[in-house]
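These notes concern the structure reproduced below.
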4 protein chains.
Amino acid sequence: VTDKARVEAFSDGVLAIAITLLVLELRVPDGAELAHGLAHALGQEWSSYAAYLLSFVVIGIMWVNHHAMFARVVRVDRPLLLLNLHLLLWIAVLPFPTALVARFIRHGHEARVAMAVYSGVMTATSVAWLLLWLWITRDARLLHRDIDPRAARASVLRFGAGLVVYALTVVLSFVSPLVALVVHFVIAGYYVFDQLAQPQVASPGPA
Amino acid sequence: VTDKARVEAFSDGVLAIAITLLVLELRVPDGAELAHGLAHALGQEWSSYAAYLLSFVVIGIMWVNHHAMFARVVRVDRPLLLLNLHLLLWIAVLPFPTALVARFIRHGHEARVAMAVYSGVMTATSVAWLLLWLWITRDARLLHRDIDPRAARASVLRFGAGLVVYALTVVLSFVSPLVALVVHFVIAGYYVFDQLAQPQVASPGPA
Amino acid sequence: VTDKARVEAFSDGVLAIAITLLVLELRVPDGAELAHGLAHALGQEWSSYAAYLLSFVVIGIMWVNHHAMFARVVRVDRPLLLLNLHLLLWIAVLPFPTALVARFIRHGHEARVAMAVYSGVMTATSVAWLLLWLWITRDARLLHRDIDPRAARASVLRFGAGLVVYALTVVLSFVSPLVALVVHFVIAGYYVFDQLAQPQVASPGPA
Amino acid sequence: VTDKARVEAFSDGVLAIAITLLVLELRVPDGAELAHGLAHALGQEWSSYAAYLLSFVVIGIMWVNHHAMFARVVRVDRPLLLLNLHLLLWIAVLPFPTALVARFIRHGHEARVAMAVYSGVMTATSVAWLLLWLWITRDARLLHRDIDPRAARASVLRFGAGLVVYALTVVLSFVSPLVALVVHFVIAGYYVFDQLAQPQVASPGPA
């Protein structure tokens with residue numbers, strides 16, 4: 001087992017656990033919530049399902065991108081291990097802001113705070129991605145040889161753009177938390193297609 | 001580590017976690033539930049054990065089938081990664097309808113709703129399996145070379161049939177939730193033997 | 001990735017999750033429990049720590065033995081996958097009887113029931129180990145070539161003996177639950193040394 | 001799959017799960033806690049975030065060091081498996097003292113007890129690391145051939161020093177729990193850099 005394989009295995013583990021723990025936030029209704037029947041009580045919980053779906057999609061796409069990024073890495077060093085841990089810190093904490101959004105998205109001012117926390121964690125996650133990718137691309141020894149340096153630089157800009165958009169969702173959360181929630185879905189959708197295209201430009205081979 | 005190995009590792013991770021998290025729904029009785037002693041209180045919880053057993057068997061058999069399906073795959077592309085994530089979304093959420101069934105199977109109308117939700121999630125899971133298998137079989141580059149195309153087409157029909165049966169359990173849940181529960185066990189049992197046979201037809205080698 | 005590697009990876013996943021979920025049963029004291037201070041409240045929870053330790057040791061040793069058993073397997077077939085799933089079913093459920101023991105070991109008659117449930121699950125686990133090992137040893141194609149058939153037969157007897165001892169702990173639980181708890185620790189200790197020796201007899205090479 | 005690979009996979013699994021389970025201790029505020037708004041309620045929970053961050057960093061750095069230690073191991077034997085399990089026992093239990101610190105760090109005398117429990121678990125973890133490393137270094141057959149024996153002995157001293165420092169934090173917890181918390185962060189930071197350097201001395205190749 002190479003060092004790279006073990007980093008991938010540990011990262012896959014943390015991502016797989018974080019994505020699967022999200023289900024623990026889906027609560028079985030009880031007591032007074034059942035006054036109008038189970039179907040009604042479940043319907044009231046739509047915000048939990050929306051938050052579950054958003055975070056599942058977000059973590060899932062991050063896994064796809066982590067996979068694509070490490071397909072470009074040939075060698076891992078200690079700073080890379082620590083920058084990867086820093087990224088995992090923010091991904092692993094995501095179930096908490098997800099629970100905040102699920103619980104408060106329908107509650108006026110609290111909805112703004114909950115959505116701002118979610119957006120803040122996503123902004124920090126996106127800083128962590130940028131730092132990891134900057135470290136990988138600055139050192140030719142870590143990078144797979146087929147990577148076109150121009151494509152690598154372009155991808156840094158792209159990551160930087162994502163960071164600005166995420167920072168804007170923090171502001172947007174205070175204007176309209178529901179619109180911010182929808183914007184997070186849109187960004188996730190954008191990253192699916194964008195990230196799918198980008199590695200094929202950077203390296204037609206291994207992806 | 002090839003791309004395929006990492007998809008399998010991540011999927012194994014999500015399946016292993018979802019199957020193991022089911023135990024968190026088994027509650028230790030407390031307070032008034034203990035009025036007639038612990039043995040009686042545990043006996044009252046039979047529906048939790050039935051739901052645990054059903055979902056363990058369902059996820060376990062899905063793991064065996066995921067394993068068999070990927071033994072037929074030689075190359076992964078991005079749509080396959082996303083279709084696999086879509087499948088994992090439905091499998092990872094299964095502990096939630098399991099908890100609903102465990103809690104409500106003995107409560108009249110709520111039992112119908114709980115069982116219908118469970119059956120609905122199973123139907124969606126079965127759509128996700130079909131989409132994944134359709135994508136794999138439509139593109140010869142993804143498929144292992146020993147696969148007989150006729151066997152692959154027959155297996156699509158078989159998957160389609162499973163989907164219809166699962167959709168019927170949604171209806172059945174409103175007629176008799178307990179019968180629907182038993183039918184889910186029967187379907188699971190059918191898939192064990194059926195799926196065991198099918199890959200041996202499709203490819204006598206690697207399974 | 002061979003089939004065997006994926007079975008090991010999935011089993012390692014379930015074992016690693018079950019062993020790590022045990023910590024969720026260790027509760028932070030709150031409210032009235034704190035009347036005499038945190039140190040006293042934690043001291044009152046000794047049964048939780050004993051149950052945690054027992055189940056950690058039990059699952060840990062099972063992992064060592066699973067590892068040793070699969071070092072003897074060269075090929076996996078479908079019944080082996082299903083028998084392995086059956087074993088994982090019992091291991092994955094262990095956090096539940098562990099929580100029962102932690103909660104009730106100090107409560108008279110309930111302690112007997114809780115300990116009997118724990119012992120019953122261990123007996124079932126031990127049946128599952130026996131079935132898996134019988135399947136592996138009955139079919140020469142599944143077994144690694146260096147295995148001495150006499151050693152394999154002896155190990156079946158040994159597994160059978162373990163089963164009888166576990167069945168006796170069910171009875172013992174009704175006589176003295178605390179003694180049954182201690183006996184479980186003793187059996188676990190016995191399995192450490194016994195199982196350590198046995199594979200070296202069966203196959204001096206790969207373990 | 002070699003024996004070593006499976007030990008690494010199981011250890012990675014336990015470490016990945018323990019690090020990801022930490023998020024379950026971050027509670028969504030409810031009821032009376034919301035009297036001054038969600039932002040205020042979240043601010044009150046700073047001790048939970050500090051405890052989460054500390055334990056994430058501690059477990060993350062342990063993963064990096066586990067990775068580095070096993071890069072030096074060429075062969076695993078049974079005592080090594082058991083000593084590794086012993087180490088995992090202490091790492092897997094860490095979410096519990098983390099929850100104690102998160103809950104009690106702001107509560108006078110209870111803070112001292114909570115921090116002492118945390119420091120005690122870290123001391124035990126550090127004993128477990130020392131025992132594992134002593135076993136690996138005492139037997140040349142387990143060690144990778146490039147290891148300089150002087151560097152290996154020096155690293156034992158270093159591990160022993162860490163143990164003494166951790167033991168001192170138990171005492172410090174009774175003097176000032178907040179200072180002990182800060183010291184734990186400092187030790188973690190020290191281990192990042194120290195451990196990063198040490199394996200490069202011991203073996204310039206594989207790390």
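The values are calculated or read from the model by the stated rules, or taken from the named source; none is laboratory data. In this text, all values refer to a predicted model and were calculated from it rather than measured experimentally. Positions of Cβ are backbone-derived with ideal geometry, glycine not excepted, and every protein chain shown enters the neighbour counts. Protein only, heavy atoms only, side chains kept; ligands, DNA and RNA dropped before computing areas. Shrake-Rupley method; radii C 1.70, N 1.55, O 1.52, S 1.80 Å.
Considered as a group, the residues in the range C:1-17 that are of a type in the set (V, I, T) and assigned to a helix (DSSP H, G or I) include one that is surrounded by the fewest Cβ atoms within 10 Å (Cβ to Cβ), and that residue is C:V7. Considering (1) open to solvent by less than 10 Å² (accessible area, probe 1.4 Å); (2) at the interface with another protein chain (Cβ under 7 Å from one of its Cβ atoms); (3) closer than 26 Å to A:A35 by Cα, say which one B:L26 fails and leave the rest. Unmet for B:L26, out of (1) open to solvent by less than 10 Å² (accessible area, probe 1.4 Å); (2) at the interface with another protein chain (Cβ under 7 Å from one of its Cβ atoms); (3) closer than 26 Å to A:A35 by Cα: (1).
A residue that is at pLDDT below 95 and assigned to a loop (DSSP other than H, G, I, E, B) cannot be found anywhere in the range A:121-128. C:T20 meets all of the listed conditions (1) within 7 Å of another protein chain (Cβ to nearest Cβ); (2) open to solvent by 40 Å² or more (accessible area, probe 1.4 Å) but one, namely (2). Restricting the range A:91-108 to residues that are facing chain D (nearest Cβ under 7 Å) and out of contact with any Phe, Trp or Tyr (no Cβ under 9 Å at 6 or more places or on another chain), the residue that is surrounded by the fewest Cβ atoms within 10 Å (Cβ to Cβ) is A:R103. Residue count for the range C:69-90, restricted to those that are part of a helix (DSSP H, G or I) and within 9 Å of another protein chain (Cβ to nearest Cβ): 10. Per this entry, D:H66 is not counted among residues that are within 9 Å of another protein chain (Cβ to nearest Cβ) and either in contact with a Cys (Cβ under 8 Å, 6 or more places away or on another chain) or not aromatic (F, W, Y) (or both).
Any residue at all in the range A:134-157 that is at pLDDT 90 or above and open to solvent by 20 Å² or more (accessible area, probe 1.4 Å)?
We begin by selecting, within the range A:134-157, every residue at pLDDT 90 or above; these are none.
So far as the range A:134-157 goes, no, none of its residues is at pLDDT 90 or above and open to solvent by 20 Å² or more (accessible area, probe 1.4 Å).
Residues in the range B:66-83 include at least one that is closer than 24 Å to A:S48 by Cβ and free of Cβ contacts under 8 Å to residues at least 40 places away in the same chain. Residues that are open to solvent by 10 Å² or more (accessible area, probe 1.4 Å), part of a helix (DSSP H, G or I) and hydroxyl-bearing (S, T, Y): does the range C:51-68 have at least one? There is at least one residue in the range C:51-68 that is open to solvent by 10 Å² or more (accessible area, probe 1.4 Å), part of a helix (DSSP H, G or I) and hydroxyl-bearing (S, T, Y).
Just to be sure, is A:L82 surrounded by 21 or more Cβ atoms within 10 Å (Cβ to Cβ) and not aromatic (F, W, Y)? Explain how you work it out, then say what you get.
Details: surrounded by 21 or more Cβ atoms within 10 Å (Cβ to Cβ): no; not aromatic (F, W, Y): yes.
Spelling it out, it is not the case that A:L82 is surrounded by 21 or more Cβ atoms within 10 Å (Cβ to Cβ) and not aromatic (F, W, Y).
Scanning the range C:4-14 for residues that are in contact with a His (Cβ under 9 Å, 6 or more places away or on another chain) and facing another protein chain (nearest Cβ under 7 Å) gives C:R6, C:E8, C:F10, C:D12. When both residues are 6+ apart or on different chains and their Cβ atoms are under 6 Å apart, which pairs have a first residue that lies in the range B:158-169 and is at pLDDT 90 or above, and a second that is open to solvent by 20 Å² or more (accessible area, probe 1.4 Å)? Going by the 6 Å Cβ cut-off, the qualifying pairs are B:Y166/B:T123; B:A167/B:T123; B:T169/B:V183. Within the range C:30-50, if we keep just the residues that are in a loop (DSSP other than H, G, I, E, B) and either touching a strand residue (DSSP E or B) at 6+ places or on another chain (Cβ under 7 Å) or more than 9 Å from chain D (Cβ to nearest Cβ) (or both), the residue that is most open to solvent (accessible area, probe 1.4 Å) turns out to be C:H36.
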